Each structure stands twice: as C-alpha cells, then as structure tokens.
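Since every read-out is calculated from the coordinates, none of them should be taken as a lab result. This one's a predicted model, so the numbers in the text were calculated from it and none came from an experiment. FYI the Cβ positions are ideal-geometry reconstructions off the backbone, even for glycines, and counts take in every protein chain you see.
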Amino acid sequence: MKFAVLQFPASNCDQDAVHALQLLGHHAGLVWHKENSLGDPDAVIVPGGFSYGDYLRCGAIARFSPVMQAVQQFAADGGLVLGICNGFQVLCEAGLLPGALIRNRDLKFHCEQVFLQTVNFDTPFTNKIPREKVLRVPIAHGEGCYFADEATLASLEANEQILWRYCNAHGELTESANPNGSLRHIAGICNARRNVAGLMPHPERACEELLGGADGRLIFESMIAALRHPANGGMHLIAPPTLTR
Amino acid sequence: MKARIIITPKKAVLDPQGKTVQSALEHMGYRGVTGVHVGKYLEIDLAPDTDRETARQALNEAAHKFLSNPVIEDYRLEIE
C-alpha cells in the first residue's frame, strides 16, 4: 500500500509515521504542505507536531495550506485519512471531523503511556483490534482535551463515531485514566462516513517492542485490511454530513 | 484605520487558564472576582481609505472562518 504522510513546517512526527509504515512493509512518502497534489496514495496520514508553530490555534493555519485542499478532495472521494495528535487538530479545524481540541484540563503537557478502550470495531481504523484488547499507546500533547457541544456528542454516540476512549489498564473509564479532561473520555473519533479518523495518542510511536510496545500496529493494520478488502471495516456508503462551520 | 477582534472561550467550554488566573488573583488577595476568561486580542491595521462596511463584512467572514473557531470561541469585532 502507498501512504502519503503530510509535512507542514514544524511537523515532528512525520518521519516516525514513515518509519512505522515502512516497518509494516508499506510505501510511505512525505508530501510538503505547499503541494497541490497528494500523488496517488491509498491513504493519507496527517502527522503530529506543531504545524505552523501552533500559531493562532493548533491546526488553524495548516488547514488552509494547499495540500489540505487536496486532502479535502481525497476525503470527499472516500479516501482513508488518519490524523494523529496535531493531525487530529488539523482535521477538526478543517471541518473533516466534528469538535475541537483544547488546552489540557490541568494545563500541563502530558508525555506518557495511556490505555485506550476501542469502542467501535467495525471501521477501517479498528477492524484488526481484538475485542478484549486494551491498547497501550503514548500521548504527547498540551492541547488534547476533546470538546464538542452536547448535540454533537449525542450524534457521535448515536452514529458510533467514537473509536477510542481513555481508560485504565483494565479497560475501565476512571477519571484518573483521562489524561486531559476530554469529554466522555474521547481519545479518537471518525466521521459519519467512516473514512476520516483522528486520535490524540501516537500509534506510530508504538509499532515495535524496542520502543515500549507495538499496539499501534493494530490501527495501521486495520487501515491496510480495509484497503485490501473494503468490506472489512464498514466503508459506509452514506452521504457525508454537511459542515456546520 | 484599525480593527480589533476580541476572542473569548465560549461559556460552555472548560477554561482552565481562566480558572487558574482567577484562583491566583484570589490568593493574591483580590476580592470579588467571580470569573476570569482568557482569550485573544487581534489588532488589524487597515488602509486609511477602506470602506468601513466592506471591512466589517470581510473581517466578520475571516473571524468566523479562520481567526476564531466557532466550536469553542466567541468573538467581538470593533472598527475604529
């Protein structure tokens, strides 16, 4: 499979994403933010970092870069897009995912391992995750507190768009297991069509035991399985939701 | 000609910065502070011959689309 990994000024997890995908035996190439075209990838990764120095708001400026217009089109055509950390923030700013990421509840930058409960296994991002598995993946962010209004949260729940919630090692949603104060413990979500997803944790940093764990592989392996067999992971053929921004 | 845009977190959004500043004020002995909201302030210089109404419309659009995020923030636009 061919992955396009975006590169903005101050992206800093772009190389990690390329490394992880190559480790899994796939092609991954960087696409500079000024490019108007993604090439011809099977999927797009919007990586972590501090695009454009996090000026104004995290992801606010990256959203208007030329390459993001190509990503909008790629997503509208049904292509798989995964935003990690700053990439999640960019996708929310771009209106490709609902809600926003705000300052962590305790105002601190959290760099640590967290545990994730997978909520929906029938998506291109989760289909390879075993049902009882609690994922252990690192986070590294200062603005990862997921926020959306009550109506949006209700529709995320109703459409089963919540993919991962922060939990403890036993899979329980305790308050202390929520590192940033995210509403309803949300660590990652997808759009209604199931082809765009974002999460604050870093699966690309958890793809080899040498780095402390390989649970992140399951997320990329899910995407690869969905690309090979579109029935795998429910590519729902429903109209994309209208943007309210 | 100058425009000012004041961006504040929406009331429903958790504002840990505001809460922290508020409690610091209390610790310093400033009484009667019932809330602090930390936002952003943008000062925008406009060409002197700019039509006020056109500028207002354009800046409202920019503030909604880019300068603020309506999911989490409110803004107020003033043109001097």
### Query
Which angle between 0 and 90 degrees, to the nearest 10, do you get for helix B:16-27 versus the longest principal axis of chain B when only C-alpha atoms count?
50 degrees
### Task
Take B:VAL21, project a point 7 Å from its Cα along the Cβ direction, then tell me which residues of the stretch B:34-64 have their backbone nitrogen under 14 Å from it.
B:34-42
### Task
Identify which of A:GLY59, A:GLY29, A:GLY39 has the largest mean-square fluctuation in a Gaussian network model of chain A, with springs joining Cα atoms closer than 10 Å.
A:GLY39
### Message
Taking 30 Å as R0, compute the FRET efficiency from the Cβ-Cβ separation of A:ALA225 and A:SER37 and round it to 0.05.
### Response
0.65
#### Entry: Shielding by partners - mean other protein chain Cβ count within 10 Å, residues of B:67-77
4
### Message
Cut-off 10 angstrom, C-alpha nodes, Gaussian network model of chain A. Which of A:ARG57, A:ARG217, A:ARG136 fluctuates the most?
### Response
A:ARG57
### Dipole of the protein assembly as shown, positive end: most advanced residue of A:GLN7, A:GLN73, A:CYS111 [Cβ charges, Cα centre]
A:CYS111
### Task
Could you list which residues have their amide H under 5 Å from that of A:ALA187, counting only those 5 or more apart in sequence or on another chain, with H placed in the peptide plane?
A:TRP164, A:ARG165, A:TYR166
### Task
Please state the charge dipole magnitude for the stretch B:2-79, taken about the Cα centre, from unit charges on C-beta atoms (+1 on K and R, -1 on D and E), reported in debye and rounded to the nearest 20.
320 debye
### Query
Tell me, B:TYR30, A:TYR166 in order of fewest to most beta-carbon neighbours within 10 Å?
B:TYR30, A:TYR166
#### Entry: Calculated FRET efficiency for the pair A:TYR55/A:ALA154, C-beta based, R₀ 41 Å, to 0.05
0.80
### Query
Roughly how many debye, to the nearest 20, is the charge dipole of the protein assembly as shown about its Cα centre, given +1 on each Lys and Arg Cβ, -1 on each Asp and Glu Cβ, and no other charges?
300 debye
### Query
Given a cut-off of 24 Å, what percent of all Cα-Cα pairs of the stretch A:26-171 lie beyond it?
37 percent
### Task
Using only the alpha carbon atoms of chain B, find the Kirkwood hydrodynamic radius as the inverse mean reciprocal pair distance, in angstroms to one decimal.
14.3 Å
#### Entry: Sorted by Cβ density within 10 Å, fewest first, the residues B:THR50, A:THR152, A:THR174
A:THR174, B:THR50, A:THR152
### Query
Once the piece of chain linking A:ALA214 and A:GLN15 is laid out straight, how much longer is it, given 0.36 nm per residue of separation minus the C-alpha distance between them?
69.9 nm
### Query
How much FRET efficiency would the formula 1/(1 + (r/R0)^6) give for A:LEU23 and B:ILE79, where r is the Cβ-Cβ distance and R0 is 41 Å, rounded to 0.05?
0.15
### Message
If you fit an axis through the alpha-carbon atoms of helix B:52-62 and take the longest principal axis of the Cα set of chain B, what angle between them do you get, 0 to 90°, nearest 10?
### Response
60 degrees
### Query
What is the mean number of Cβ atoms from other protein chains located within 10 Å of the Cβ atom of each residue in peptide B:11-21, rounded to a whole number?
3
### Task
Determine the gain in length on full extension of the stretch A:THR174-A:ASP106; use 0.36 nm per residue of separation and subtract their C-alpha separation, reporting nm with one decimal.
22.8 nm
#### Entry: Choice from A:GLY216, A:GLY87, A:GLY142 with maximal GNM fluctuation in chain A (Cα, 10 Å cutoff)
A:GLY142
